[in-house]
Amino acid sequence: MHKKNIIAIFLFGLIALTGSLPAQSQTEIKDRLEPSSWWIGFENPVVQLMAYSENIGFLRPVVDYPGVAIDRITSVKNPNYLFIDLHIAENAKPGNIEIRFSDGKKVRKTMMLELNKREKGSALRQGFNSSDAVYLLMPDRFANGNPDNDNMDGMREKADREAPYGRHGGDLQGIMNHLDYIAEMGFTAIWINPVLENDQPQSSYHGYATTDYYQIDPRYGTNEDYRELVKKANGKGLKVIKDMIFNHCGSKHWWMEDLPSDDWINYDSFVRSNYRLSTISDPHASKADLKLATEGWFDSSMPDLNLKNELLLNYLIQNSIWWIEYAGLQGIRQDTYPYPDKQGMAEWNKRINLEYPNFNIVGEAWIGDPAKLCYWQKDFPNSDGYNSHLKTIMDFPLMDAMHAAFNEKGGGWSDGLMRLYDVLANDHLYTNLNNIMVFPENHDVGRIFNVLNNDIRSLKMVTAFFATVRGIPQWYYGTELLMDGNGYEGHANIRHDFPGGWPGDKVNAFTHEGRTDDQNEIFNYLSKILNYRKTSPPIHTGKTIHFLPENNVYVYFRHLDDEAVMVLLNNSAEEDRTVDGARFKEILSKYSKGRDIMTEQTITSFETFDVPAKSARIIELN
Ligand code: CA
């Protein structure tokens, strides 16, 4: 994508002509070069460095390193920044590249870029996919593996485990200590809520207000710890998905004190977004509404980043590539996906895909209507010509349906299990049914156990459903312990500390003995299904055939050419049901026997199927 001929555009001196004066910094400027390391052998041989130092914009960078040449230099309004495009030849050797900044007479400053060799197979790494089951956890609330980093010098917020919205001390070491617990349940991937530095004065525990895109928050650990966590997780069969946020940064991000240019952020102070994502795909939407949706701030502490600024977009794209390559990631979850400039986000996906064709990214487009959600999936033929290039979307419509379906008596035209059926009936809208993340809940909504009125039977049905329906199932930490919490009464309710994650905790739910009978019941149920799921190609990538729910029983099949799985859900609170097998002969006729994966009993007759009240059956057919 980059031409071989190298054009050097020296804008040195231009600033003086345009009249900008040296910036007056309120705080002492700490020199930065971002990224400060890069690799040889990417499809795109150019890396754009952001150099930050007092009045560096008035200097001219020079590089003398075999195989590395300056392609272009870009100044911005603020002379404390300089953007340098370096072309790295495939035959360049690893080492430290000295970038010398000269005023024409003398070298005034030197910065170092570390040039590395890529790990073998890096480009072809396999991202998470529908053969995986994902465990979502919030690092501040999962396990405190290192109490020494709970409070760190230089970080604004101190730990306070009693404060519902304070930092509780969980960290990367805590996750590393409990990878076996996650793998034991049958999960094959973990999505960790954001871990980049969030040096905000309050509520920094959730991690969605980044203050440094290249630094793990020291209260979670170091960049090296994060890389070690990924290695360890991979070693236990767990892929790692990094949570990223491009729509906004934290108000205390270092660059907020001294922005590169006026258009780095949208609106120069807080103007709240209207959060109406429909304005982006709505052919009738007003420009005013669209502008507020995409350029308004998500929150007062989260300035909205302007991805129409190519330097910022490139900065963020490279940041993703840097983390994938540095830490060895298998996936990214992108927060608030539709809110930033949509062309910029498409470009981000394309660039990641160029370097890592088998990688996967899931975007949080929190949209409850499939007709609006499908707009965001890669290759959907949108009437406005837009292609998001986002491989995986999140099935919020199905989450909403799960929340309602199991609490309803059913029997009407569109209630109860018909809700699940109806959502899946919209699947003609999606371009790839395997690349849809399916979840009963996440860190932003009410705990599913709470939503289900603390009914274990309903939770088991949800578990059976989310693990067998098309797509990539995602579970939220603690639901295997029946964690309860009303999301409408505040997010603290749905982000409790994992019992046993902290030294001195009275209960250790990481162990069988530490869990109650009820907790073990759901833990074992989930583990059984997910460990079976690992071995089931029809569940991973099979087609779906479903039958209209009758008498509160919903039956569907996931099938490939010669293997299939049958799922029966009986949502009746009191009545056991017997279902006539003849109705399903279009698929059952191909098979002679089955095996109930929960009881492990063999089934030799398909005449009828018994499904006890409020329960699910999963039957492997062969
Ligand atoms: Ca800690």
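The values are calculated or read from the model by the stated rules, or taken from the named source; none is laboratory data. Model, not experiment: these values are computed from the prediction. Virtual Cβ from ideal backbone geometry, glycine too; neighbours counted across all protein chains shown. Only protein heavy atoms, including side chains, enter the accessible area calculation; ligands, DNA and RNA are left aside. Shrake-Rupley method; radii C 1.70, N 1.55, O 1.52, S 1.80 Å.
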Quick one: plug the Kirkwood hydrodynamic radius of the chain (C-alpha pairs) into Stokes-Einstein at 25 °C, 0.890 mPa s, and report D in µm²/s.
94
Per DSSP loop assignment and a cutoff of at most 10 other beta carbons within 10 Å, the chain keeps its longest run without exposed trypsin sites (Lys or Arg not before Pro) at 121-505
At 222 nm, what helix-only mean residue ellipticity would the chain give, in deg cm²/dmol to the nearest 500, using -39500 (n - 2.57) for each DSSP H run of four or more?
-6500 deg cm²/dmol
Under the Karplus relation with 6.51, -1.76 and 1.60 and θ = phi - 60°, whole-Hz ³J(HN,Hα) for the range 41-58, x at Gly and Pro, equal x, 7, 4, 8, x, 9, 10, 9, 8, 9, 9, 10, 5, 4, 6, 5, x, 8
Whole angstrom only: what separates the Cα centroid of the range 308-357 from the Cα centroid of the range 113-165?
18
With viscosity set to 1.002 mPa s at 20 °C, what whole-number translational diffusion coefficient in µm²/s follows for the range 72-188 from Stokes-Einstein and a Kirkwood radius over Cα pairs?
108
Low-density loop chymotrypsin sites (Phe, Trp or Tyr not before Pro), the range 437-486, at most 10 other Cβ within 10 Å, DSSP non-H/G/I/E/B, are none
Measuring with a 1.4 Å probe in the full set of protein chains, what accessible area per residue, in whole Å², belongs to the chain?
40
How large is the dipole of the range 465-590 about the Cα centre if only Lys and Arg carry +1 and Asp and Glu carry -1, each at its Cβ, rounded to the nearest 20 debye?
600
Where a ≥ b ≥ c are root eigenvalues of the Cα gyration tensor, a/c under 1.5 meaning rounded, otherwise prolate if a/b exceeds b/c and oblate otherwise, the range 403-461 counts as oblate
Could you give me the ³J(HN,Hα) list for the range 437-445, computed from phi with Karplus coefficients 6.51, -1.76, 1.60 and θ = phi - 60°, whole Hz, x at Gly and Pro?
7, 10, 8, x, 5, 9, 6, 10, 10
Out of all DSSP beta bridges with both ends in the chain, state the antiparallel percent to the nearest 5.
70
Report, in listed order, any pair from K342/K372; K534/K590; K252/K342; K342/K391; K460/K614; K239/K534 with a Cα-Cα distance greater than 19 Å.
K534/K590; K252/K342
For the range 456-559, which GluC sites (Glu not before Pro) are both in a DSSP coil and crowded by at most 13 other Cβ atoms within 10 Å?
E513
Estimated dipole of the chain in Debye, rounded to 20 [Cβ of Lys and Arg +1, of Asp and Glu -1, Cα centre]:
1640
List the GluC sites (Glu not before Pro) within the range 115-181 that fall in a DSSP loop (any state other than H, G, I, E or B) and whose Cβ has at most 13 other Cβ atoms within 10 Å.
E119, E162
How would E90, E43 line up by accessible area, probe 1.4 Å, largest first?
E90, E43
Kirkwood Rh over alpha-carbon pairs of the range 519-593 plugged into Stokes-Einstein at 10 °C, 1.306 mPa s gives a D in µm²/s of 114
